[in-house]
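These notes concern the structure reproduced below.
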Amino acid sequence: MNPPEQSFRVVGTRPVRPDGADKVTGRALYGTDFALAGMLHGAVLRSPHAHARIRGIDASRALALPGVKAVVTGADFPEAASVAIAGESAANLRDIARNVMARDKALYEGHAVAAVAATSPAIARAALALIAVDYEVLPHATSIAAAIAPDAPLLHDDLFTPGLKPRPETPSNLALHVAIDTGDAAAALAGAAAVAGGHYTTQPVHQGYIEPHACVAQWNADGQAQIWASSQGAFMIRSLVAGALGLKQADIRVTPLEIGGGFGGKTTVYLEPVALQLARQAGRPVRLEMSRSEVFRATGPAPGAVIDIRLGADKDGMLVGAEMTFHYTAGAFPGAAAHPAALLALAGYKVPNRKITGWEVVCNLPSSAAYRAPGAPQVAFAVESCLDELALQLGIDPIELRLKNAVGPGDTGPMGLPHGQIGLIECLEAARAHPHYSAPLAPGETRGVAAGGWANYGGPSTAAVALAEDGSVLVTTGSPDIGGSRAAMAMMAAETLGVPYETVRVTIADTASIGFSFLTGGSRTTFATGHAVIAAANQVIATARARAAQIWGVAADTVAWRDGAAHGTAGDSAGKVLTLAEIAGKAANAGGPISAEVGVNPAGWLPGFGVHICDCALDAETGQVKVTRYTAIQDVGRAIHPAYVEGQLQGGAAQGIGWALNEAYVYGADGRMENPGFLDYRVPVASDLPMIDTVLVDKPNPDHPYGVKGVGETPIVPPLAAVANAVSRAAGRRQRHLPMSPEQVLLGGDA
Amino acid sequence: MSKLHITTTVNGDPAEFLCEADDSLLAALRGPLGLTGTKEGCGSGDCGACTVMLDGSMVCSCLVLAAEAQGRRVETVEGLAEGGALHPLQQRFLEHGALQCGFCTPGLLVAARALLERNPDPSEEEARYWLAGNLCRCTGYDKVIRAVLDAGRDLRQDHGEKVA
Ligand code: FES
Ligand code: FES
């Protein structure tokens, strides 16, 4: 099969999503829309201190309050084993268990220390006030500088920096060391015709999904449990809850509710183990939900970063060497995507000599979580800013400079293997040819450009395809639909089977009703779960052909499948046709109902690259920056449903613009977050943004039947530098610190 | 503590419910009235997910007391589709792919209808400012704004046909 020459009936069209009517009429059930009879309401007591030893907790007064049915603290959770969990960003089961409920220490303001379940939300809240926690307040560190200072308060006395050889003799807050050293970067930079560099900083930023975390848990007397939750993976919840509470996976059935945004932030558990433990004690179902303030103080954020970089080029603009050291805030527990950051920092360019050193730093912030292309945006901000500086120094067009150095198919990738059919060069060429790039700028406006990419992922997925008696098609997966993936699944099934899109319906099943699927995350679902759907559809076709052959009395391999029907080719069957509906109608009495469930773990996913162009107007008096025009260009392989692919580019760009201009966690000297709400943590609103134009560059992935590449992560990588490069030109000073608030732009020095 | 008994009109139909004096209208809609289409994203008036109409004015239902609904008209996303037919705004949102997760959608739809009722032919800028109180983290607003402007066109045409 040669994807570029395929023609399609369904792939590439823009049908209405199967779950659309439910979502525009208010019928779709999200995290807090689901309820059970007799359900209790939970609430979580959170540490007011950034760092404190918990000497004791007295919940007796809370338990005595009428209507309170259960109180749990760290002592009610088993000591979880230290098991590494791989994922969008790797984590450790023991850390996850301690993050959902503190044991001996509270590690950030907002860290859960106790929880109650009561007959009403008001009683649950009142009960929290009656729980007495005896804290020994400890010194805290909420910044990288404070956490790595010689006298820094230690978060974990058993943390001996992994990745350092030899193993350090004393514990520290350095939670991971990664190093890449190829060639001789120092010598290359010494001989470079132009060197750009500096000290770059970014702040922790929240994923900002509008739906707060929520779940309902129920425990039966026989030890079987059920959880209903909005998350990026019901199977993730099953395995993490089982691990944290020491239960068998088959005894936990997790039903995915609709999810109101995730962006990586709903790839772990916060409430579910606590709700289940409360339900177990109370003997009744329990709902736990977070307020917005809890979401900010106890979930997310993406790591903040401090980056020192030097990037050198020869006089023709060929990159010769790079040196980069970065520190990322992991928050309370290790895990801040330093590994992908180090691998991806220069992944788009051929740089023969490179020395990259990365550190993760634990500190008294919420434990960082995955956020779209985890690890990549921060380092890309520094690298793409340096490229802009080099272009200015050498008098080379910024896109031209990137084209000179861009990687293409066959070039060595970050893992040392040759790249497959990647499309960075095509994206740069599309950007250069785009009318936006050559459009004249209005007075006072400037233009920035930046590129970026993400490795993407495959991973295990299961899908089932079943035929109803009338030939309509039921697809079942275990991949939560965050942004229209039901539509993509239905389209791939319809394309494969040769039936109309409208005859296919998709269900996202609970963990007892379909085989395992990894998270919806890492830009894997359309690729990997799509593979599973296509494979299951192909099995259904094979069965349908066999049934037709049986009816016609011919060999199955003489029956062709096209346009949703079996076509006879041999003997008397030649010219005969049986449609899928006809075969399905006879199936029950002629061999049995037709269905197939297929589990896959497909290789062959490809990285996605994008190039963004941003026009800004800077108000020289106020320092206010307004994005006036924006274009996002990305190699998407092939878009199954272009509107939802464009939407990924537009949404990621908007989030990146927010990261660049407004968003930041702000901490006071007391270690408490000062802006845990949307009023003070300002995400972009409609009036902040222009239309976001998109260009979908099609360079199909030969390892996917329909050419799919992951698209969701990449769009947040280029915007930080695209905006900063525009603002730097307007301000006449390189912008190295995010967010580029008015004060920062007007007064901020080059710290 | 005795509860308040509130009599009101929701989406054109008479309705009554019991609430505490400090319950929000959002809590009453989602709780005793069972209308969970209206969402809570912040509870503090900053996200617009809870947008409803109260006597024809657009409000954040998380900031309105449930008791204030006494004798007034409340309209929610559940009342947008009439007789099973989607409102042009709902139709255009679906056609444009103007929702990804869909959590902001009920609030955006109610706010957008209020805009088009006041101004059937808004400019892009007018639409952006009117909807600035409705956060959407997924879409970057592009398709949302296009859907709203297209729905305005549909409504003007409908209106034109009726007049003609
Ligand atoms: S929930 Fe009312 S404005 Fe956010
Ligand atoms: S579609 Fe998810 S917040 Fe708007």
Query raised in the report: Under 12 Å Cα-Cα from residue A:404, which aspartates and glutamates qualify once same-chain neighbours fewer than 8 residues away are excluded?
Result: A:314, A:316, A:429
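Hey, what's the stretch B:4-77 come to in accessible area per residue, 1.4 Å probe, Å²?
On the way: 2910 Å² over 74 residues.
Heavy-atom SASA per residue in the stretch B:4-77 reads 39 Å².
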Query - Karplus 3J(HN,Hα) series, Hz, for the stretch A:643-652 with 6.51 cos²θ - 1.76 cosθ + 1.60 (x for Gly, Pro) - result: 5, 6, 6, 4, x, 5, 5, 5, x, x
Requested in this report: Report the extension gain between residue A:224 and residue A:747 in nm, rounded to one decimal, defined as 0.36 nm multiplied by the number of residues separating them, less their alpha carbon distance.
Outcome: 182.3 nm
**Report entry** Under 18 Å from the Cα of residue A:576 - lysines, other chains or at least 8 residues apart
**Finding:** A:586
Query raised in the report: With every protein chain present, what is the per residue accessible area of the stretch B:88-158 (1.4 Å probe, Å²)?
Result: 31 Å²
Requested in this report: Would you mind classifying the stretch A:567-711 by shape? Square roots of the alpha carbon gyration tensor eigenvalues, ordered a ≥ b ≥ c; an a/c under 1.5 is rounded, otherwise it is prolate if a/b is larger than b/c and oblate if not.
Outcome: prolate
**Report entry** Gain on full stretching of the segment that runs from residue A:555 to residue A:698 - 0.36 nm per residue minus C-alpha separation
**Finding:** 47.5 nm
Report summary line: Using alpha-carbon coordinates alone, the radius of gyration and Dmax of the stretch B:1-42 in Å work out to 10.6, 31
Query raised in the report: Going from the alpha-carbon gyration tensor of the stretch A:664-733, what semi-axes, largest first and in whole Å, does one get by taking the root of 5 times each eigenvalue?
Result: 34, 19, 14
Report task. Return a whole-number percent for the relative contact order of the stretch B:4-77, with Cα pairs under 8 Å and 6 or more residues apart as the contact set. Result -> 39 percent
Report task. Specify the inter-centroid distance of the stretch A:370-424 and the stretch A:175-249, based on alpha-carbon positions, in whole Å. Result -> 24 Å
Report summary line: Residues of the stretch A:203-242 with backbone N under 15 Å of the label point set 7 Å from the Cα of residue A:250 along Cα→Cβ are A:223-225
Report task. In nm, give the distance between the simple-model label positions of residue B:44 and residue A:61, each being 7 Å from the Cα along the Cα-to-Cβ direction. Result -> 2.7 nm
Query raised in the report: In whole Hz, what ³J(HN,Hα) sequence does the stretch A:416-421 give by Karplus (6.51, -1.76, 1.60; θ = phi - 60°), x for Gly and Pro?
Result: x, 9, x, 5, x, 7
Report task. List the lysines whose Cα lies under 19 Å from the Cα of residue A:266, skipping any in the same chain that are fewer than 8 positions away. Result -> B:39
Requested in this report: Apply the Karplus parameterisation 6.51 cos²θ - 1.76 cosθ + 1.60, with θ equal to phi minus 60°, to every residue of the stretch B:59-66 and state each ³J(HN,Hα) to the nearest whole Hz, in sequence, with x for glycine and proline.
Outcome: 9, 8, 5, 6, 9, 9, 6, 4
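Between residue A:177 and residue B:9, what is the FRET efficiency for a Förster distance of 51 Å, r being their Cβ-Cβ separation, to the nearest 0.05?
Working: r = 64 Å, r/R0 = 1.26.
Calculated value: 0.20.
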Query raised in the report: Relative contact order for the stretch A:650-751: what is it in percent, counting Cα pairs under 8 Å that are at least 6 residues apart?
Result: 37 percent
Report task. When a/c is below 1.5 the answer is rounded, else prolate if a/b is larger than b/c, else oblate, so apply that to the stretch A:1-144 with a ≥ b ≥ c taken from the square roots of the Cα gyration tensor eigenvalues. Result -> oblate
**Report entry** Cα-based Kirkwood hydrodynamic radius, the stretch B:88-158, one decimal, Å
**Finding:** 11.7 Å
**Report entry** Three semi-axes of the equivalent ellipsoid, the stretch B:4-77, Cα gyration tensor, whole Å, largest first
**Finding:** 17, 13, 11
Requested in this report: Count the net charge of all other residues whose Cβ sits under 10 Å from the Cβ of residue A:661, scoring Lys and Arg as +1 and Asp and Glu as -1.
Outcome: 0
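Pull out a ≥ b ≥ c, the square roots of the eigenvalues of the alpha-carbon gyration tensor of the protein assembly as shown, then state rounded if a/c is under 1.5, prolate if not and a/b is larger than b/c, and oblate in the remaining case.
Numbers: a/c = 1.28, a/b = 1.04, b/c = 1.23.
In terms of gyration-tensor shape, rounded.
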Report summary line: In whole Å, largest first, the alpha carbons of the stretch A:100-196 cover along the principal axes 71, 33, 20
Query raised in the report: Over the Cα atoms of the stretch A:481-589, what Rg and Dmax result, in angstrom?
Result: 16.2, 51
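When only Cα pairs under 8 Å and 6 or more residues apart are kept, what is the percent relative contact order across the stretch B:88-158?
Details: 74 pairs, mean separation 34.9, N = 71.
That works out to 49 percent.
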**Report entry** Whole-number Å³ per residue for the convex hull built on Cα positions in the stretch A:14-84
**Finding:** 269 Å³
Query raised in the report: Plugging the Kirkwood radius over Cα pairs into Stokes-Einstein for chain B, at a temperature of 25 °C and a viscosity of 0.890 mPa s, what D comes out in µm²/s?
Result: 151 µm²/s
Requested in this report: May I ask you to list the residues of the stretch A:323-339 whose amide nitrogen lies under 20 Å from a point 7 Å from Cα along the Cα→beta-carbon direction of residue A:184?
Outcome: A:323-324
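Under a 1.4 Å probe, what is the accessible area of chain A per residue, stated in Å²?
Values: 25250 Å² over 751 residues.
So chain A comes to 34 Å² accessible per residue, rounded to a whole number.
What quantity of accessible surface, computed with a 1.4 Å probe and excluding non-protein components, is buried in total between chains A and B, in Å² to the nearest 100?
Numbers: alone 27060 and 8670 Å², together 31990 Å².
For A against B, buried area totals roughly 3700 Å².
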Query - Descending semi-axes in whole angstrom, ellipsoid equivalent of the stretch A:419-550, from the Cα gyration tensor - result: 40, 17, 15
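The values are calculated or read from the model by the stated rules, or taken from the named source; none is laboratory data. What you are looking at is a predicted structure, and each value in this text was computed from that prediction instead of being measured. Neighbour counts run over all protein chains shown; Cβ positions are idealised from the backbone, glycine included. All accessible areas refer to the heavy atoms of the entire protein, side chains included, with ligands and DNA or RNA removed. Shrake-Rupley method; radii C 1.70, N 1.55, O 1.52, S 1.80 Å.
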